[in-house]
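Comments concern the structure below.
Bear in mind these aren't lab numbers, they're just calculated from the coordinates by the rules spelled out. This one's a predicted model, so the numbers in the text were calculated from it and none came from an experiment. We place every Cβ from the backbone using ideal geometry, glycine too, and count neighbours over all the protein chains shown.
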Amino acid sequence: MFAKKSIVAASVLLAVGITGASAADWSDTYIGWRYGTQFGEPFNKNDIKKNIFNFGHVSGYKYGSNFLNVDMLLSDDKDSLNGSSGAHEAYVVYRHTLDFGKIAGKPEMFKWGPLRGVGFTAGFDYNNKSGDSYQSRKRMLVAGPTVMFDVPGFLNVSVLQLWESNAPRTHPQRYHYDAHPMLNAAWGIPLGSLPLSFEGYLNYIASKGKNEFGGPTKPETNIDAMIMYDASSLVGAKAKTFRVGLEYQYWRNKFGNDHKGPAGDGAFAKTPMVRAEYHF
C-alpha cells in the first residue's frame, strides 16, 4: 500500500511542478455560497441546515488543466456533539489532468468520434470536521485515466483508484480502507444561447472494504447537479461575473455507510440548495 501511495503522491507532485513552471492559458477563480435545509449525515436522523462558503479555481495550461475547490461547511445544531452550536468542516479537492494529445504536441491526436481527448488525472481530497460526534479527518489520494468528450463546454469521465484513510475522534489512530475504484463524471454544458448552463459531477464509488469498526461498507453514489444563470447583465458587470442557480445533491450510502442499516436515513441525503457565485 505504501508503494501505491508513493506513486500517486509522486504523480501529484509532478503535476504541481509542471503547473508551476507553465503559465496558464486561461483561468477562472471564484468565491461562492450555497444553502440547504435537508442535508444528511450518517447515524443522524435529523435534517440539517448548512451554509457552505467556497473558493474555486480552474485553469488550463500547455499540457493540461487544474481544478481546486475549498468548501467551508457550517451546520446548524442538528449536526452537533452534546448540543453544541453546530459542526464546522473544511473540505478540499484538488485534481490535475494531463492531456496526452497536448503533451505530444498534437492536440487532435486522440480526437475521434465523440472524444475530444484522453489524459491522466491525479489529485487528493482533504477534510477536517469538528463539533459533531465523528469529527472526520479524511485524507485521500486519487489517480487514473480520463476521457474528454467533444461537447459544448466540457464533459470529462474518469476511472480513478482511491487510497483513503481517516482518523476520527472515535478512532484516533489513522485507519486505511482498502484501495477501491471510483467512476467520476464532471460537466459544464451551456444551454444553447441562453445565459444558462447545466453543471455538476457524478461519483460512483465501490465498497472500500471494512470500516474502522470492522463492519462492511457499501458502494456509494453521489450526484451533484445544478442549473446556473448568468445574472451579470442585471448589475452591469461583464458576462459570467455573477451567477446564481438551483442545485440538487443525491448521496446514497454516504461515506460507504448502508442507509438501510444503523446509519439510517442520514446516509441517504436528497438535498436541494440555492447557490450564488462571484467570479474574478
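Sticking with the crude label model, points 7 Å out along Cα→Cβ, report the distance from Ala167 to Ser27 in nm, one decimal please.
For the pair Ala167/Ser27, the computed spacing is 3.2 nm.
Charges on Cβ only, +1 for Lys and Arg, -1 for Asp and Glu, centred on the Cα centroid of region 39-103; of Ser80, Asn51, Val70, which one is farthest towards the dipole's positive end?
Val70
To the nearest Å, what is the center-to-center distance of region 47-93 and region 189-208, using C-alpha atoms only?
Each part's Cα centre sits 18 Å from the other's.
Once every DSSP H run of n ≥ 4 in the chain is given -39500 (n - 2.57) and the sum is divided by its residues, what mean residue ellipticity at 222 nm do you get, rounded to the nearest 500 deg cm²/dmol?
Values: 2 runs with 23 residues, N = 280.
It lands at -2500 deg cm²/dmol.
Describe numerically, in nm with one decimal, the distance between label points set 7 Å from Cα along Cα→Cβ at Lys106 and at Phe213.
Taking the two extended label points, one gets 5.5 nm.
Give me, ordered by chain and number, the residues 5 or more places off Lys62 or on other chains with an amide H under 5 Å from its own placed amide H.
Asp25
Straight-line reach from Lys50: which lysines fall under 25 Å, measuring Cα to Cα and dropping same-chain residues less than 8 apart?
In chain and number order, the partners are Lys78, Lys129, Lys138, Lys254, Lys260, Lys270.
Neighbour counts of other C-beta atoms within 10 Å: give me Glu212, Glu108 arranged from fewest to most.
On the way: Glu212 16, Glu108 9.
Result, fewest neighbours first: Glu108, Glu212.
Counting other C-beta atoms within 10 Å, which of His176, His259 has the fewest, and how do the rest follow? Let's see the in-between values first.
Numbers: His176 16, His259 19.
Ordered by Cβ neighbours within 10 Å, fewest first: His176, His259.
Label Leu115 and Val147 with points 7 Å out from Cα along Cα→Cβ: what is the distance between them in nm?
Taking the simple label geometry, Leu115 and Val147 are separated by 0.7 nm.
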